[in-house]
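See structure below.
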Amino acid sequence: MVLHEYGHAIHDGSGFVFGSEQAGAISEGFGDYWAVDMSDIQAQKLGVPEREPLACVMDWDATSYTSTVPHCLRRLDEPLQYPADLDGELHDDGRIWSHALWDINRSIGHVKADTAILDGQIDFPGTTMPDLARRIVATAQSIYGSATASKVRAAFAAPGIL
């Protein structure tokens, strides 16, 4: 939960503008992504084995109000599509964004993924998922080149964002 909320603080501190409903969904999705990514990195450093699948967000919190196992507040790997699965609820819609970010992480590694994602969203004017996706692809291109940018683009294309 703390890491998810820290994701929002990162947006606040980076000039990210909450100018649209999609910007709010992006921030919720980023918060979920950040929580899972940072938890994974810390667990690896400490040699802690996985208790739940990595794509599970806040499993420790969801045990009292979910019946499915593993208990997940949300997941980063649900096969949702943009824009068909947008329903106007920021946490629901954020799952589309977090899935794309998680796929980027899995395809290029967390260091490159986090760098491109964080750098790409600085001063984001708060418009749409496709707008920010294009910025992150361009950032990956400028930092890491065409091969990495192609993987980032593919991760955004899979759920229909690009």
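The values are calculated or read from the model by the stated rules, or taken from the named source; none is laboratory data. Since we're looking at a predicted model, the values are computed, not measured. Don't worry about glycine lacking a Cβ; one is built from the backbone with ideal geometry, like all the others, and counts go over all protein chains shown. All accessible areas refer to the heavy atoms of the entire protein, side chains included, with ligands and DNA or RNA removed. Shrake-Rupley method; radii C 1.70, N 1.55, O 1.52, S 1.80 Å.
Taking the Cα centre of the chain as origin, sum charge times position over the Cβ atoms of Lys and Arg (+1) and Asp and Glu (-1), and report the length of that vector in debye to the nearest 20. That gives a dipole near 660 debye. I'd like the orientation of helix 110-120 relative to the chain: the angle between its Cα long axis and the longest Cα principal axis, in ° from 0 to 90, rounded to 10. Its long axis makes an angle of about 50 degrees. Students often get this wrong, so try it: which of (1) 1.07; (2) 0.95; (3) 0.99 is Rg/Rh (Cα atoms, Kirkwood Rh) as calculated from the structure shown? Structure-derived value, by its label: (2). So how tilted is helix 146-157 from the main axis of the chain? Cα-based, degrees 0 to 90, rounded to 10. Approximately 60 degrees, to the nearest 10. What is the helix-to-structure angle for 2-13, meaning the angle in degrees between its Cα long axis and the longest Cα principal axis of the chain, kept from 0 to 90 and rounded to the nearest 10? That works out to roughly 20 degrees. Using C-alpha pairs below 8 Å separated by at least 6 residues, the relative contact order for segment 5-162 is 28 percent. Measuring only protein heavy atoms, the 1.4 Å probe finds residue 2 accessible over about 120 Å². Name the shape class, rounded, prolate or oblate, that the alpha-carbon gyration tensor gives for segment 91-143, where a ≥ b ≥ c are the square roots of its eigenvalues, rounded holds for a/c under 1.5, and otherwise prolate holds if a/b is larger than b/c and oblate otherwise. Oblate, since a/c reaches 1.5 and b/c is not below a/b. Under a 5 Å amide H cut-off, with hydrogens placed 1.01 Å from N, residue 74 pairs with 57 among residues at least 5 apart or on other chains.
At a probe radius of 1.4 angstrom, the accessible area of segment 63-162 per residue rounds to 46 square angstrom. Of the residues 122, 111, 160, the one whose Cα sits farthest toward the positive end of the charge dipole of the chain, with +1 on the Cβ of Lys and Arg and -1 on the Cβ of Asp and Glu, is 111. Here the chain exposes an accessible surface that is 56 percent carbon and sulfur, computed with a 1.4 Å probe and the other protein chains kept in place.
Check each of the chymotrypsin sites (Phe, Trp or Tyr not before Pro) in segment 64-162 and keep only those in coil by DSSP with at most 10 other C-beta atoms within 10 angstrom; list them in order. Those that pass, being in a loop and sparsely packed, are 65. For residue 162, the accessible surface of its heavy atoms amounts to roughly 70 Å² (probe 1.4 Å, protein chains only, rounded to the nearest 10). Put the Cα centre of segment 8-28 next to the Cα centre of segment 98-139 and the gap is 13 Å.
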